[in-house]
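Enquirer: Got a structure here, written out as structure tokens. Questions coming.
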Ligand code: C2G
């Protein structure tokens, strides 16, 4: 039984998020997802998420490939989360390449290629440009 853990904000859920979760699940037998709190997102990205934590948690928890969700309150608690959930692998997109290698004493870090040409930031920009209805 290989347990996989991954982390993210998953704001304005899109196909890039879905694909990384599918590929994370395929790395093992069960998938545990840490969803960033609103405060963590604000401190990481300098803006509040569009979808509040409750909505983001509900979306992720409803996916059939996801076995467990929890709230990621701080980037500094990663080691604790990995131990708490007994994770064998930590999967992240390659925008985090090498960033979690310090945990290789307790689990295997795996970095997967991001889906090109889609991001929450870009979606927000595109929506901003939509002209108002006459
Ligand atoms: N992702 C992807 N392809 C995209 C966009 C995102 O594969 N086009 C992946 C990211 O690499 C990440 C996951 O989707 O593994 C979630 O992305 P974000 O919500 O942007 O997560 P982030 O804010 O980077 O939070 O402790 C780690 C952080 O909580 C990660």
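Read-outs: derived from the displayed coordinates by stated rules, not from any lab. Computed from a predicted model, the values in this text were never measured in an experiment. No Cβ is skipped: glycine too gets one built from the backbone with ideal geometry, and neighbour counts run over all protein chains shown.
Enquirer: Taking the range 18-34 on its own, how many of its residues are surrounded by fewer than 22 Cβ atoms within 10 Å (Cβ to Cβ) and either assigned to a helix (DSSP H, G or I) or touching a helix residue (DSSP H, G or I) at 6+ places or on another chain (Cβ under 7 Å) (or both)?
Expert: Number of matching residues: 6.
Enquirer: Let me ask you something else. Does the range 101-123 contain at least one residue that is in contact (Cβ under 8 Å) with a residue 24 or more places away in the chain, loosely packed, with under 13 Cβ neighbours inside 10 Å, more than 10 Å from the ligand (Cβ to nearest atom) and farther than 20 Å from residue 13 by Cβ?
Expert: no
Enquirer: Need the failing condition index for residue 63 against (1) surrounded by 13 or more Cβ atoms within 10 Å (Cβ to Cβ); (2) within 12 Å of the ligand (Cβ to nearest atom); (3) under 20 Å from residue 114 (Cα atoms), just the number.
Expert: (2)
Enquirer: Restricting the search to the range 90-126, which residues are part of a helix (DSSP H, G or I), out of contact with any strand residue (DSSP E or B) (no Cβ under 7 Å at 6 or more places or on another chain) and within 17 Å of residue 17 (Cβ to Cβ)?
Expert: 95, 120, 121, 122, 123, 124, 126
Enquirer: Given the residues 71, 12, which is the only one that is under 25 Å from residue 106 (Cβ atoms) and outside any helix (DSSP H, G or I)?
Expert: Values: 12 fails: under 25 Å from residue 106 (Cβ atoms).
Criteria check complete, one pass: 71.
Enquirer: Restricting to the range 35-49, what's the tally of residues that are loosely packed, with under 15 Cβ neighbours inside 10 Å and either at negative phi or part of a helix (DSSP H, G or I) (or both)?
Expert: Of the residues in the range 35-49, the ones loosely packed, with under 15 Cβ neighbours inside 10 Å are 39, 42-48.
Filter again for either at negative phi or part of a helix (DSSP H, G or I) (or both), leaving 39, 42-45, 47-48.
Residues flagged as loosely packed, with under 15 Cβ neighbours inside 10 Å and either at negative phi or part of a helix (DSSP H, G or I) (or both) within the range 35-49 amount to 7.
Enquirer: Considering only the range 50-68, how many residues are under 14 Å from residue 6 (Cβ atoms) and in a loop (DSSP other than H, G, I, E, B)?
Expert: 4
Enquirer: Could I ask something else about it? Which number in (1) exposed (fewer than 12 other Cβ atoms within 10 Å of the Cβ); (2) free of Cβ contacts under 8 Å to residues at least 12 places away in the same chain marks the one condition that residue 98 misses?
Expert: (2)
Enquirer: Filtering the range 1-17 down to residues that are surrounded by 23 or more Cβ atoms within 10 Å (Cβ to Cβ) and more than 8 Å from the ligand (Cβ to nearest atom), which residue is farthest from residue 100 (Cα to Cα)?
Expert: 4
Enquirer: I need the full set of residues from the range 73-86 which are touching a helix residue (DSSP H, G or I) at 6+ places or on another chain (Cβ under 8 Å), touching a residue at least 60 places away in the same chain (Cβ under 8 Å) and more than 9 Å from the ligand (Cβ to nearest atom), in order please.
Expert: Hit for the range 73-86 is 82, nothing else.
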